[in-house]
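Values quoted throughout were computed directly from the atomic coordinates according to the rules given, and no laboratory measurement underlies them. Values in this document were obtained by computation on a predicted structure and should not be read as measured data. No Cβ is skipped: glycine too gets one built from the backbone with ideal geometry, and neighbour counts run over all protein chains shown.
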Amino acid sequence: MNTVESWENRVSKLDPTHAEVITGGGLSKRFSRLPLWLSHPANISAFYGLLVSLALILPYRMTSEQWGALWILHASLLIFSCLVLGMVSRFMSAIFKRMPVAPWRKILYPMPFVGVGLFTLSATDLLTFPALIPWTLIMLPGPLYVHLSWAPRWRLLCMIEDEVDPFPGMDVEEKTDEMISESLSGDDEQILEVVEEFDSEE
């Protein structure tokens with residue numbers, strides 16, 4: 001059984017509260033469908049660094065004559081720093097074994113855009129402020145999301161892959177087939193009947 005199948009099979013029988021811990025939001029659901037080696041927290045964090053580096057191409061191109069070498073240097077440092085922070089989050093998650101925490105989306109998601117905007121204003125001398133401010137806004141959201149949400153969730157997915165209970169010592173109410181069928185609406189039951197008929201014909 002691959003990661004996705006074991007993940008879906010386990011979550012389908014969990015109490016909704018515990019299922020939410022495993023599934024997370026839309027972004028985490030997409031990452032969970034990747035192979036575990038590819039969705040490693042260090043790789044996800046480095047991927048964020050790559051995306052931000054690509055967004056910085058235009059500001060570098062507009063504000064520097066020798067922008068190519070400078071962008072490559074800063075992009076390499078950004079990606080490597082994010083990768084290291086993702087690896088640290090992975091180790092901390094393994095040591096402290098804490099559960100995922102939902103990130104502050106309304107704060108984290110706009111931060112890279114604000115950071116790129118401030119970086120552009122600073123590079124064009126329209127505003128003057130410490131370079132640490134835009135770089136912090138640019139770099140922080142991805143590693144912080146990985147630390148709070150994805151690294152602990154990735155640990156739980158690894159436990160599911162190894163057939164280990166991800167909620168040791170926690171009261172987990174598994175749903176039986178009867179409970180699942182009772183929670184379905186009439187339309188859902190009709191869809192299930194069609195699928196079952198199709199499977200039986202095959």
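Check which residues have an amide H placed less than 5 Å from SER39's amide H, if you skip close sequence neighbours. When sequence neighbours closer than 5 places are left aside, there are no close amide H contacts. What FRET efficiency, computed as 1/(1 + (r/R0)^6) with R0 = 30 Å and r the Cβ-Cβ distance, is obtained for LEU73 and TYR109, rounded to the nearest 0.05? Working from the Cβ atoms, E equals 0.65.
Of the chymotrypsin sites (Phe, Trp or Tyr not before Pro) found in region 93-158, those in coil by DSSP whose Cβ has at most 14 other Cβ atoms within 10 Å are TRP104. R0 = 41 Å: FRET efficiency of ALA123 with LYS97, Cβ-based, nearest 0.05? Calculated transfer efficiency: 0.45. You can think of it this way: the chain between ILE133 and LYS29 has 34.3 nm of extra reach, that is 0.36 nm per residue less the Cα-Cα gap. Our coupling estimate for region 119-135, obtained by passing each phi through the Karplus curve with A = 6.51, B = -1.76, C = 1.60 and θ = phi - 60°, is 4, 5, 4, 5, 5, 8, 6, 6, 9, 10, 7, x, 5, 4, 5, x, 5 Hz, Gly and Pro reported as x.
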